[in-house]
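Engineer: Take this structure first; my questions come after.
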Amino acid sequence: MDQEKVNILLVDDQPAKLLAYEVILKDLGENLVIASSGREALEVLLKTEIAVILVDVCMPELDGFELAAMIREHPRFQKTAMIFISAIQVSDIDRLRGYEMGAVDYVPVPVVPEVLRAKIKVFAELYRKTRELERLNHELEDRVRARTAELESSTAKLRESEQRRSMAIAAGKMGSWDWDWVSGDWMWDEGQYRIFGVSAERFEVNPANVQALLHPDDVDQLRKAIAEFNKGTRAYETEFRIVRPDGEVRWCVGTAAATVDQSGRVVRVSGVTVDITERKRAEERQNLLAREVDHRAKNALALAQSIVRLTRADEVKDYVNAVEGRINALARVHTILSLSSWQGAELSRLIDEELAPYSLGDQIRLSGPEVQLLPATAQTLALALHELFTNSAKYGALSTRSGQLAIDWQVEDELLTLSWEESGGPLVMAPKSRGFGTRSLLASVESQLGGQAQFDWRAEGLLCRLEVPLTRKTATAGPGKFDSGGSAELQRASG
């Protein structure tokens with residue numbers, strides 16, 4: 001493998017000498033860097049990593065001694081090897097001064113090529129070995145740090161695991177046990193007694209008593225585990241239920257491991273029991289919620305599909321507006337229901353949401369107690385109220401400033417009765433065909449909720465009466481006392 005080249009700085013103010021040094025040192029195969037003055041040498045040092053400096057003692061402006069002193073003042077170059085070249089006979093005092101400035105050797109002029117190459121090669125190789133040792137030290141330090149961090153992390157994890165185990169045992173969620181397979185002796189810790197709902201003072205741990213606390217449907221799992229260990233299985237894990245003495249059923253997960261002798265015979269079985277009842281209940285709630293969300297999503301899609309399918313209009317714009325209005329009404333009631341975690345919605349809140357788009361002042365009178373509606377009932381009434389408000393604003397009492405609307409409701413024997421009475425608006429006559437409003441009211445209120453939807457097309461204004469059971473019972477109701485065959489879309493009387 002080729003070794004990495006190092007940089008050798010040649011400093012002299014005479015180009016001929018620099019060229020001679022290059023010729024002498026080129027066979028070393030290192031990188032030769034040239035500087036024709038002390039200042040230029042300093043600039044090179046600041047930009048380049050130098051292994052050896054070959055510098056002429058006698059240079060104008062900044063001689064070799066001065067340059068060496070400046071180099072040694074910099075922390076990076078305090079150990080950089082410097083070789084002085086002197087064309088004059090230096091005294092012992094001058095040599096001492098040079099060594100004090102940081103020189104490692106002197107080369108007299110005329111330069112003997114073999115001697116100069118040998119000296120430079122020694123210091124270049126020393127620099128290379130030093131760097132290699134530094135690199136190895138860094139790698140070793142990195143490995144030590146990594147290993148130390150790994151050990152610290154492992155220790156922290158073990159400590160955290162032990163803390164979690166202690167906390168779990170203290171909270172009654174985990175217990176450990178030991179069963180001497182030969183003598184039949186059992187050992188339970190405090191957590192094990194707590195999980196099974198028994199006390200160490202009154203409960204004797206033996207196979208019969210333990211089996212008595214297992215759920216009848218899970219007893220076979222205990223027998224299966226024992227059989228597996230007799231067949232050579234060394235570890236076993238299963239979920240099972242226990243029935244505490246007070247009758248409470250708890251879910252647990254048990255893990256067991258066998259210890260064998262030299263002949264491979266099981267001599268001891270040890271294990272851990274974890275109470276996972278809360279997790280099981282959470283899973284059941286999550287599954288129930290997923291089914292409920294799926295059910296609600298399908299219902300919402302079915303309602304949206306009915307809205308799109310049953311909406312009629314002569315113009316595309318009217319059709320889009322009608323569909324958007326009905327979808328928005330459905331979205332508003334869904335928002336109300338989501339805020340109550342789908343527990344229900346207040347009837348007055350539904351009416352307020354439908355009133356919000358209109359600025360009707362004192363044209364509307366509301367009267368009735370607070371009524372909590374089930375989600376399905378709230379969805380149905382939200383769409384019904386939307387249809388009634390929309391049609392009244394287009395054709396009925398709310399289409400004129402003189403029109404009046406009274407909405408009254410009451411509850412008796414779990415039956416909600418809502419009365420919608422318009423007056424003071426345009427003359428009204430019964431429509432000739434059913435629209436979306438009538439069909440949705442009849443289908444939802446009567447068929448789904450077991451209620452009644454009744455319409456009376458009076459000339460002075462529509463009178464609508466809705467009867468809706470507030471319980472979950474549904475029934476097929478007959479037609480109302482009023483004519484239910486008309487459209488909820490009112491028509492202005494003509495002539």
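Here, each number is a calculation from the coordinates, and none is a lab measurement. Computed from a predicted structure; not experimentally measured. Positions of Cβ are generated from backbone atoms using ideal geometry, with glycine treated the same way; all protein chains shown enter the neighbour counts.
Engineer: Report the full-extension gain for the segment Arg135 to Ser423: residue separation times 0.36 nm, less the Cα-Cα distance, to one decimal in nm. Mind showing how you got there, number by number?
Structural biologist: On the way: separation 288, 0.36 × 288 = 103.68 nm, distance 9.65 nm.
This chain segment gains 94.0 nm when fully extended.
Engineer: For Ala69 and Ala118, what does the FRET efficiency come to when R0 = 25 Å and r is the distance between their Cβ atoms, rounded to the nearest 0.05?
Structural biologist: 0.40
Engineer: Given q = 0.23, 0.26, 0.34 Å⁻¹, what are the Debye log10 I(q)/I(0) values for segment 231-271, with equal point scatterers placed on the Cα positions and solvent ignored?
Structural biologist: The Cα Debye sum returns log10 ratios of -0.76, -0.84, -1.09.
Engineer: At Glu160 and Asp185, where each label point lies 7 Å from the Cα along Cα→Cβ, what is the point-to-point distance in nanometres?
Structural biologist: The modelled label-to-label distance comes out at 3.8 nm.
Engineer: Once phi is turned into ³J(HN,Hα) by the Karplus curve 6.51 cos²θ - 1.76 cosθ + 1.60 with θ = phi - 60°, what whole-Hz value does each residue of segment 385-400 show in order, with x for glycine and proline?
Structural biologist: So the J values, rounded to whole Hz, are 5, 4, 4, 5, 5, 4, 5, 5, 5, 8, 10, x, 4, 7, 7, 10.
Engineer: Something else: Taking R0 as 60 Å, what FRET efficiency do you get between Glu150 and Arg458 from their Cβ-Cβ distance, rounded to the nearest 0.05?
Structural biologist: FRET efficiency, Glu150 to Arg458: 0.10.
Engineer: Let me ask something else about it. Just tell me which lysines come within less than 22 Å, Cα to Cα, of Lys119; anything on the same chain fewer than 8 places away is out.
Structural biologist: Qualifying lysines at Cα under 22 Å: Lys5, Lys17, Lys26, Lys79, Lys129.
Engineer: Now for a different question. So how do Leu466, Leu330, Leu415 line up by other beta-carbon neighbours within 10 Å, fewest first?
Structural biologist: Least crowded to most crowded, the residues run Leu415, Leu330, Leu466.
Engineer: With labels modelled as points extended 7 Å from the Cα through the Cβ direction, what inter-label distance (nm, one decimal) is found for Tyr106 paired with Glu278?
Structural biologist: 8.6 nm
Engineer: Compute the relative contact order of segment 174-275 as a whole-number percentage, counting only Cα pairs closer than 8 Å that sit 6 or more residues apart in sequence.
Structural biologist: Contact order relative to length: 31 percent.
Engineer: Label Asp220 and Tyr358 with points 7 Å out from Cα along Cα→Cβ: what is the distance between them in nm?
Structural biologist: 6.6 nm
Engineer: Under a 5 Å amide H to amide H cut-off, with H placed in plane at 1.01 Å, what residues pair with Leu470 once short-range neighbours are removed?
Structural biologist: Residues meeting the criterion, in which the H sits 1.01 Å from N, are Leu415, Leu416.
Engineer: Counting only residues 5 or more places away or on other chains, whose amide H sits under 5 Å from the amide H of Glu346 once H atoms are built in the peptide plane?
Structural biologist: Result for Glu346 returns Leu373.
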